[in-house]
Amino acid sequence: MTTITTQRRAVQRRVPDAARHRNLEIADEVDGDVVGDRVTILEGAAVRGTVTARSVIIRGRVRGVVRAVSVEIMRSGRIEGEVRYEILFVHDGARLDARCIPSRAMPTRAAV
């Protein structure tokens, strides 16, 4: 059972393993963990928890842990916490207040 809590409502749903590996866009505030193949935190959105994916694009804010092969923090993006990555892009204007840990041993599909 996966529980995602937003400002507006709490949503509970059973997510099959295959469904966890699709593209996700976060457009609101989320308290909890986010798992996907490609996760985008949109401008104005926020995640408090762990974001795990192959690719993470941050236009909003993350407070917690980001684990991905590729992490891209756009101009409006902000990370507070910890980033584990193989490839890290930080655009002009982005804010990175995090412990940065480069890694070659990233999550596999089974671990994500």
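The values are calculated or read from the model by the stated rules, or taken from the named source; none is laboratory data. What you are looking at is a predicted structure, and each value in this text was computed from that prediction instead of being measured. We place every Cβ from the backbone using ideal geometry, glycine too, and count neighbours over all the protein chains shown.
The table for this structure:
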quantity: Test: residue in region 54-61 that is in a loop (DSSP other than H, G, I, E, B) and without any contact (Cβ under 8 Å) to a residue 24 or more places away in the chain; calculated: yes
quantity: Selected residue (only one of V51, V69, V65, V83 is under 16 Å from E25 (Cβ atoms) and within 12 Å of the chain's Cα centre (by Cα)); calculated: V51
quantity: Enumeration of residues in region 78-112 that are at pLDDT 95 or above, closer than 17 Å to A53 by Cα and outside any strand (DSSP E or B); calculated: E86
quantity: Subset of region 62-77 [farther than 19 Å from D37 by Cα and in a strand (DSSP E or B)]; calculated: R63
quantity: Residue that is farthest from F89 (Cα to Cα) [pool: residues in region 50-77 that are surrounded by fewer than 18 Cβ atoms within 10 Å (Cβ to Cβ) and of a type outside the set (D, E, K, R)]; calculated: T50
